[in-house]
1. All but one of (1) within 24 Å of residue 343 (Cα to Cα); (2) in a helix (DSSP H, G or I) hold for residue 260, so report the exception by its number.
2. Considering only segment 301-326, how many residues are away from the ligand (no atom under 16 Å from the Cβ), farther than 14 Å from residue 415 by Cα and in a helix (DSSP H, G or I)?
3. Looking only at segment 327-356, which residues are touching a residue at least 60 places away in the same chain (Cβ under 8 Å), within 11 Å of the ligand (Cβ to nearest atom), over 18 Å from residue 231 (Cα atoms) and part of a helix (DSSP H, G or I)?
4. Can you tell me which residue among 394, 371 is within 9 Å of the ligand (Cβ to nearest atom), surrounded by fewer than 21 Cβ atoms within 10 Å (Cβ to Cβ) and either outside the structural domain of residue 47 (by TED's automatic domain parsing) or more than 17 Å from residue 53 (Cα to Cα) (or both)?
5. Got a sec? Which of 241, 200, 255 is under 26 Å from residue 45 (Cα atoms), in contact (Cβ under 8 Å) with a residue 12 or more places away in the chain, surrounded by 14 or more Cβ atoms within 10 Å (Cβ to Cβ) and within 11 Å of the ligand (Cβ to nearest atom)?
6. Restricting attention to segment 407-424, does a residue exist that is in a loop (DSSP other than H, G, I, E, B), in the same structural domain as residue 319 (by TED's automatic domain parsing) and in contact with a strand residue (DSSP E or B) (Cβ under 9 Å, 6 or more places away or on another chain)?
Ligand SMILES: Cc1cc2nc3c(=O)[nH]c(=O)nc-3n(C[C@H](O)[C@H](O)[C@H](O)COP(=O)(O)OP(=O)(O)OC[C@H]3O[C@@H](n4cnc5c(N)ncnc54)[C@H](O)[C@@H]3O)c2cc1C
């Protein structure tokens, strides 16, 4: 059916290429308007007015607007509650349908249901489609028809199901003659939505479709070594595309297609990470209770200390464990944390400091540029052993052993914990082991220049093991 006019509501899909909702709207309507809403329901909840994510979105929206304008269209940008603004805009433009891509977060699903109801009351259709994942909700199921709860069989079934059609791009540019001009044009400044510029540019984080493309081209030069380099935070191993996947400045189909076509161990390992992404979206969609509960309900009974002094030491990167501190300082300074370090820092908070995983998850959520509820919750519940297919509870990362293995010369540590720059390699993972003579020789005094360990790992590990075992026993009794 061809509608006269339609509106495409962009959310976490800020690109003008391979875009399911835009493609569908362009092919089914005579005139297509495009809009983005800076949703005050999301923005008002942010703790500061200098938020890299907001600036990232703003840059991406500007680039998208320019791409649309080149073809006679443009992005209508509104600021307010999306659940009211989108139906209002649809009424003002007189469209017959609003198109958007699926979102799987509980709050977004509730918002979309409200928008759908308001639009229906106006006689406007709300047409949504899959775009941000390869397979959603029930598309990959166990032989018995249930959703998977274990990753490896999910991944195998995912790979078996993958067909060329799943990676085919949704055509956009070919139908661009149907883009409608947005009406009166007005350049939107970050200040107009109440936010200030951040250090995004100074950090060299590329934004928008062009930024994603640059990162991808750079990564494709290195992808064959991904499996060898990805665990070493001092190396340029991963793609750094997570923030772009978060806001959809690049298509997941293109990334999976590139990895699949490339083949080899590096590309296959990277493809697995993209499958983890689909997996956690599927888990969140099926089990929205994971947002504030353990996937494994027995672990909701875990006892926590939630000591505010220890939590503050973790947040600020002064636990006395250099790799944990380097991870937290990387987070605080840049909004990015290497995957290995996310695992180490999360495990340390939960199993060494005995702080509820939900507090750590929230801290990451406030600061990660790539914060994504599905992946962040999945990652935290993995590290806390409360999640589906998580790290077994008795496998507790030793922060010193992790440091020796993955940052052997302490290069990453020294980058983020400069006070340890002159500590010899053999002590950089556990500087408290230096004798007073060693400390004098390198000019670093533990307790003055760098803190002593906030807990003893061996003792803290024992307490964690007992608590996890107790929680499981309670379930059995
Ligand atoms: C405690 C914890 C919290 C995390 N929080 C987030 C988060 O909020 N947002 C986020 O995107 N990732 C999160 N991750 C997963 C992972 O750490 C990041 O995706 C990755 O470090 C991003 O860097 P990259 O793009 O260079 O990754 P690459 O190694 O290049 O991976 C490519 C892409 O695969 C996806 N991916 C990789 N690993 C995972 C994973 N374990 N789960 C789901 N998707 C994955 C991401 O989209 C990533 O961009 C978390 C992991 C842990 C252990």
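1. The failed condition is (1).
2. Here the count works out to 7.
3. 350 - this is the single residue of segment 327-356 that is touching a residue at least 60 places away in the same chain (Cβ under 8 Å), within 11 Å of the ligand (Cβ to nearest atom), over 18 Å from residue 231 (Cα atoms) and part of a helix (DSSP H, G or I).
4. 371
5. Working: 200 fails: within 11 Å of the ligand (Cβ to nearest atom); 255 fails: under 26 Å from residue 45 (Cα atoms).
Exactly one residue qualifies, and that residue is 241.
6. Yes; the residues of segment 407-424 include at least one that is in a loop (DSSP other than H, G, I, E, B), in the same structural domain as residue 319 (by TED's automatic domain parsing) and in contact with a strand residue (DSSP E or B) (Cβ under 9 Å, 6 or more places away or on another chain).
So that you can scan it fast, the table gives a plain yes or no per residue for (1) modelled with pLDDT under 95; (2) assigned to a loop (DSSP other than H, G, I, E, B):
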| site | (1), (2) |
| --- | --- |
| 182 | yes, yes |
| 185 | yes, yes |
| 188 | yes, yes |
| 197 | no, yes |
| 202 | no, yes |
| 211 | no, no |
| 215 | no, no |
| 218 | no, no |
| 224 | no, no |
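The values are calculated or read from the model by the stated rules, or taken from the named source; none is laboratory data. No experiment lies behind these values; they were computed from the predicted model shown. Glycine gets a Cβ as well: all are built from the backbone with ideal geometry, and neighbour counts include every protein chain shown.
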